[in-house]
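The values are calculated or read from the model by the stated rules, or taken from the named source; none is laboratory data. Nothing here was measured: the structure is a model prediction, and the numbers come from that model. Positions of Cβ are backbone-derived with ideal geometry, glycine not excepted, and every protein chain shown enters the neighbour counts.
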Number of protein chains: 2
Amino acid sequence: MALNKKPVKGMKDVMPEEMAIRDYVIGLIKKTYKAYGFTPIETPCVENIENLTNKQGGENEKLIFKILKRGDKLNLSEAQKEADVVDSGLRYDLTVPLARYYSNHANDLPTPFKALQMGNVWRADQPQRGRFRQFMQCDIDILGEASNLAEIELILATTKLLGKLDFKDFNIRINDRRMLKAMASYAGFAEDSFDTVFIILDKMDKIGIEGVKETLIAEGFAQDAVMKYMQLFEELAKTKDGIKYLSEKLGDCLPEECRKNLEEIRDNVNASKSADFTLLFDPTLVRGMSYYTGTIFEVELKEFNSSCGGGGRYDQMIGKFTGNQTPACGFSIGFERIITILLENGFRIPQEGSRVAFLVEKGLSTEQLGEVLKQAEQLRKEGNTVLMARMNKNKKFQKEQLSKEGYSEYKEFYVNSLQ
Amino acid sequence: MALNKKPVKGMKDVMPEEMAIRDYVIGLIKKTYKAYGFTPIETPCVENIENLTNKQGGENEKLIFKILKRGDKLNLSEAQKEADVVDSGLRYDLTVPLARYYSNHANDLPTPFKALQMGNVWRADQPQRGRFRQFMQCDIDILGEASNLAEIELILATTKLLGKLDFKDFNIRINDRRMLKAMASYAGFAEDSFDTVFIILDKMDKIGIEGVKETLIAEGFAQDAVMKYMQLFEELAKTKDGIKYLSEKLGDCLPEECRKNLEEIRDNVNASKSADFTLLFDPTLVRGMSYYTGTIFEVELKEFNSSCGGGGRYDQMIGKFTGNQTPACGFSIGFERIITILLENGFRIPQEGSRVAFLVEKGLSTEQLGEVLKQAEQLRKEGNTVLMARMNKNKKFQKEQLSKEGYSEYKEFYVNSLQ
């Protein structure tokens, strides 16, 4: 029988040690977010192909695993292009499915609707170390809440979760798309060039302030605008309260709403937070997706040299799908990155009960085995894990193996010593 | 923007009420099975196409969602048949992936290996009421345990789980493929016709003993053999201890091993069970899959007019994949059917803590909101769920809506009454 032992390219088998941590983290996520009133929902892993290829997904639309039509609907001999032979695909994120779900069921859902989604997504990326073609995403979204109560709750819930996972001294970087625009507008860039400017600005953490300056000039932007723009960032670096500085400096370019939004979020989160982190206003934070309309934020963990999750407000997207304007704000944590960090740090799952191995000699009578099974049941009832195992000839080796599985207590049962 | 609001054909969006029950049951399954030493593992949802089409999956292989090749590997214009354009597919069960997983990682896994798998599988079946093209399977398997300690533990663990879900007075039907063969052999059927005989026998619960008799004769089997065969079942119906009756009646046709196996399982399960069920020896139980080699069993719930899970011993299959003979035994519970029954019966999830809604008037100062958020955090710390919501104009309607979401307590916060 032909069998390919390996998982498909770019996907992985999850081994017991990792699985134990994944299960623990999944449980903790559900428990923590549920306490904030988030409601778990689920959508199919497969979506209609037209929903996956409507340009909302940006680059991800190039990475779809597409599913072949079946039965009479498949006509291979007359097929000209991919679209002729596929009718669906594996989802590449949880945002498109959420928009579809909400538009399908809005009448049956509360307002605001606080959704928790945990599920696999698939992208046919070039496989890299630590990056897989099937991976778990974990999103919380609040649909129908226009005020920044949404942002505040998303940040409080997510940081509390990270705290429970023993992450300390991390940062939540925050910005507002309107702040980005106000700064670019103040500097004198034309509105239709904002996207280009922001793509370059987004590289600040890699190429530094000088690198951004040079790239903007090389891109052909006016020297004046670039200088005025860069001066803002230089002065911001020396300033304690960046929001206050910019609201004075930018004047009419900055909507009062935007300043108030950032200050309220900052002050409320700082007043009520229950984890060890810093909320940092970061005027260089861009976030790639073009659908963001207001607040944007990102998690920065010391342990990982890159973003470990983020999100923001996207007040226009749901309306485009449903026809009804619906304010929306979401936060996605980097589940796989968090698991990687926990594994690397040797994270220990809080243990409940003991792990006991019962080693049973061969040849026990039914009555004897019944007695052993009853003892095992009793220990399980008291919250312990009991593994029943046939006693091996090499008991020392067997115990070594069991100890690797976390069994620290043993009980041995012999034919001659049981009644 | 084009958007198809419906899920793909035959798959479903899971609404909050169902999701709450699913989450609860998943949690209970993991907790219960872990206490027996089962280890959760996971494999990718996508498998190499050759692993899904190697004839182990029987009819399921006709129902595969196949995934299109990507990039240069796809050559549509020269494609002759499906196999030319696909390289993988969605798994249709968890048994093939388990065999692959075990053959890939056996050196890193304990012996015996007790695996717990919960995951979605996909079959492009004709959609029916209550039957979906994406559904959850939940399998426990013990690889490397030749003795019936495996069967006993699988049955004890599964029945304990069902008991925790409030199922009472249910049956576990049990048989052995060797018993089936012994009975057919005793009656005088030729060994190469056993499969045909068993397929007809399997219909006993639908067409009755007379129906089976007529079908066997219509199939062309010798009158003598059919009569002798049917007499066994007629006498069994009058017998209390079917195993004992058959072991005396069948004589040398029945291996001593088989009788001992069934009796040991029955007696040990009855001596140690902790749920309200009956273990029934059922000589008409066949189970479809041809890979079973010994014990087979099935769950029969009063609430559902059909099997709600089952399994058995398949000592040959892993060896076919890996080249190393590995005894194996598994039990799969009908997760989706159980969820359906719980939903229909109005199953209530044991509630932890209170569900409190905070209704917050618009216009609270940052200090005021901070105070409210702190109160919410405190209640969450004490194990309650707190939903923060803007107070609506129609408070009565808002509370009615919230009560549907299970919020039974409210606290109102007004600008004028907060400090």
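Take the range A:365-394 and flag every residue that is hydroxyl-bearing (Ser, Thr, Tyr), surrounded by fewer than 19 Cβ atoms within 10 Å (Cβ to Cβ) and not in a loop (DSSP other than H, G, I, E, B).
Going through the range A:365-394, the residues hydroxyl-bearing (Ser, Thr, Tyr) turn out to be A:365-366, A:385.
If we keep only those that are surrounded by fewer than 19 Cβ atoms within 10 Å (Cβ to Cβ) as well, we get A:365-366.
Selection gives A:THR366 alone.
For the range A:88-112, which residues satisfy the criterion of being hydrophobic (A, V, I, L, M, F, W, C), at the interface with chain B (Cβ under 9 Å from one of its Cβ atoms) and closer than 18 Å to A:GLN325 by Cβ?
A:ALA99, A:LEU109
Among the listed residues A:LEU90, A:LEU98, A:LEU94, which satisfies the condition of being under 18 Å from B:VAL86 (Cβ atoms), assigned by TED's automatic domain parsing to the domain that holds A:GLY310 and buried (at least 16 other Cβ atoms within 10 Å of the Cβ)? Show your work before the answer.
Values: A:LEU98 fails: under 18 Å from B:VAL86 (Cβ atoms); A:LEU94 fails: under 18 Å from B:VAL86 (Cβ atoms).
Going through A:LEU90, A:LEU98, A:LEU94 in turn, the sole match is A:LEU90.
Which count do you get for residues in the range B:143-182 that are hydrophobic (A, V, I, L, M, F, W, C), under 19 Å from B:TYR292 (Cβ atoms) and touching a Lys or Arg at 6+ places or on another chain (Cβ under 9 Å)?
First, the residues of the range B:143-182 that are hydrophobic (A, V, I, L, M, F, W, C): B:143, B:146, B:149-150, B:152, B:154-157, B:161-162, B:165, B:167, B:170, B:172, B:174, B:179-180, B:182.
With under 19 Å from B:TYR292 (Cβ atoms) added as a condition, the list becomes B:143, B:146, B:149-150, B:152, B:154-155, B:172, B:174, B:179-180, B:182.
Applying the additional criterion that residues be touching a Lys or Arg at 6+ places or on another chain (Cβ under 9 Å) yields B:143, B:146, B:149-150, B:155, B:174, B:179.
Counting residues in the range B:143-182 that are hydrophobic (A, V, I, L, M, F, W, C), under 19 Å from B:TYR292 (Cβ atoms) and touching a Lys or Arg at 6+ places or on another chain (Cβ under 9 Å) gives 7.
Criterion first (assigned to a strand (DSSP E or B), touching a helix residue (DSSP H, G or I) at 6+ places or on another chain (Cβ under 9 Å), at the interface with another protein chain (Cβ under 10 Å from one of its Cβ atoms) and not hydrophobic (A, V, I, L, M, F, W, C)) does B:GLY37 satisfy it? Before you say what the answer is, go through the steps one by one.
Values: assigned to a strand (DSSP E or B): no; touching a helix residue (DSSP H, G or I) at 6+ places or on another chain (Cβ under 9 Å): yes; at the interface with another protein chain (Cβ under 10 Å from one of its Cβ atoms): yes; not hydrophobic (A, V, I, L, M, F, W, C): yes.
Against the criterion (assigned to a strand (DSSP E or B), touching a helix residue (DSSP H, G or I) at 6+ places or on another chain (Cβ under 9 Å), at the interface with another protein chain (Cβ under 10 Å from one of its Cβ atoms) and not hydrophobic (A, V, I, L, M, F, W, C)), B:GLY37 does not qualify.
Regarding the range A:40-51, can at least one residue be identified that is more than 7 Å from chain B (Cβ to nearest Cβ) and over 19 Å from the mean Cα position of the chain (by Cα)? If you could, list the steps in order and put the result at the bottom.
Keep residues of the range A:40-51 that are more than 7 Å from chain B (Cβ to nearest Cβ), which gives A:49.
Now drop any that are not over 19 Å from the mean Cα position of the chain (by Cα), which leaves A:49.
Looking for residues that are more than 7 Å from chain B (Cβ to nearest Cβ) and over 19 Å from the mean Cα position of the chain (by Cα), one finds at least one in the range A:40-51, hence yes.
Pull up the range A:1-55, narrow it to residues that are acidic (Asp, Glu) and free of Cβ contacts under 8 Å to residues at least 24 places away in the same chain, then point me to the one that is farthest from A:GLU405 (Cα to Cα).
The first filter runs over the range A:1-55 and keeps only residues acidic (Asp, Glu), leaving A:13, A:17-18, A:23, A:42, A:47, A:50.
Imposing the further condition that a residue be free of Cβ contacts under 8 Å to residues at least 24 places away in the same chain reduces the set to A:13, A:23, A:50.
Working: A:ASP13: 18, A:ASP23: 16, A:GLU50: 47 Å.
Per the criteria, the residue is A:GLU50.
Looking at (1) facing chain B (nearest Cβ under 10 Å); (2) in a helix (DSSP H, G or I); (3) in contact (Cβ under 8 Å) with a residue 12 or more places away in the chain, which is the one condition that is false for A:LEU343?
Tallying (1) facing chain B (nearest Cβ under 10 Å); (2) in a helix (DSSP H, G or I); (3) in contact (Cβ under 8 Å) with a residue 12 or more places away in the chain, A:LEU343 fails exactly one: (1).
With (1) facing chain A (nearest Cβ under 7 Å); (2) assigned to a helix (DSSP H, G or I); (3) polar (S, T, N, Q) as the list, and B:SER77 as the residue in question, which single condition is left unmet?
Looking at each condition in turn, B:SER77 falls short on (1).
Of all helices (runs of 4 or more DSSP H) completely enclosed by the range A:235-329, which ones contain at least 3 residues that are more than 22 Å from A:SER147 (Cβ to Cβ) and not small (Gly, Ala, Ser)?
On the way: elements: A:242-250, A:256-272, A:317-322.
Passing ranges, in order: A:242-250.
For A:PRO110, state whether it is modelled with pLDDT under 95 and crowded, with 19+ Cβ neighbours inside 10 Å. Before you say what the answer is, go through the steps one by one.
Values: modelled with pLDDT under 95: yes; crowded, with 19+ Cβ neighbours inside 10 Å: yes.
So A:PRO110 fits the description; yes.
Quick check on my filter: what residues within the range B:301-313 are farther than 17 Å from B:GLN137 by Cα and surrounded by 23 or more Cβ atoms within 10 Å (Cβ to Cβ)?
Residue satisfying the conditions is B:ARG313 alone.
If I filter the range B:299-317 for residues that are within 12 Å of chain A (Cβ to nearest Cβ) and of a type outside the set (S, T, N, Q), do I get at least one hit? Let's see the steps before the verdict.
Filtering the range B:299-317 down to residues within 12 Å of chain A (Cβ to nearest Cβ) leaves B:316-317.
Next, only the ones that are of a type outside the set (S, T, N, Q) stay: B:317.
The answer is yes; a qualifying residue exists.
Residues of the range A:364-418 being small (Gly, Ala, Ser), at the interface with another protein chain (Cβ under 8 Å from one of its Cβ atoms) and more than 43 Å from the chain's Cα centre (by Cα), which ones?
Scanning the range A:364-418 gives a single hit, A:GLY370.
With respect to A:GLN126, determine if the residue is in a strand (DSSP E or B) and surrounded by fewer than 23 Cβ atoms within 10 Å (Cβ to Cβ). Reasoning before the result, please.
On the way: in a strand (DSSP E or B): no; surrounded by fewer than 23 Cβ atoms within 10 Å (Cβ to Cβ): yes.
Considered against the rule, which asks whether it is in a strand (DSSP E or B) and surrounded by fewer than 23 Cβ atoms within 10 Å (Cβ to Cβ), A:GLN126 comes out as no.
When you go through A:ILE152, A:ILE172 one by one, which is the residue that is surrounded by 22 or more Cβ atoms within 10 Å (Cβ to Cβ), in contact with a Ser or Thr (Cβ under 9 Å, 6 or more places away or on another chain) and outside any helix (DSSP H, G or I)?
A:ILE172
Out of the range A:55-74, which residues are of a type in the set (A, V, I, L, M, F, W, C) and either assigned to a helix (DSSP H, G or I) or in contact with a Pro (Cβ under 8 Å, 6 or more places away or on another chain) (or both)?
Keep residues of the range A:55-74 that are of a type in the set (A, V, I, L, M, F, W, C), which gives A:63-65, A:67-68, A:74.
The one that is of a type in the set (A, V, I, L, M, F, W, C) and either assigned to a helix (DSSP H, G or I) or in contact with a Pro (Cβ under 8 Å, 6 or more places away or on another chain) (or both): A:LEU63.
From the list A:ASP23, A:ASP13, pick out the single residue that is at the interface with chain B (Cβ under 7 Å from one of its Cβ atoms) and in contact with a His (Cβ under 9 Å, 6 or more places away or on another chain). Let's see the steps before the verdict.
Details: A:ASP23 fails: in contact with a His (Cβ under 9 Å, 6 or more places away or on another chain).
Answer to the selection: A:ASP13.
Going by the structure shown, is A:GLU409 outside the structural domain of A:PRO16 (by TED's automatic domain parsing), surrounded by 16 or more Cβ atoms within 10 Å (Cβ to Cβ) and over 30 Å from B:LEU262 (Cβ atoms)? Talk me through it step by step, then tell me what you get.
Values: outside the structural domain of A:PRO16 (by TED's automatic domain parsing): yes; surrounded by 16 or more Cβ atoms within 10 Å (Cβ to Cβ): no; over 30 Å from B:LEU262 (Cβ atoms): yes.
Considered against the rule, which asks whether it is outside the structural domain of A:PRO16 (by TED's automatic domain parsing), surrounded by 16 or more Cβ atoms within 10 Å (Cβ to Cβ) and over 30 Å from B:LEU262 (Cβ atoms), A:GLU409 comes out as no.
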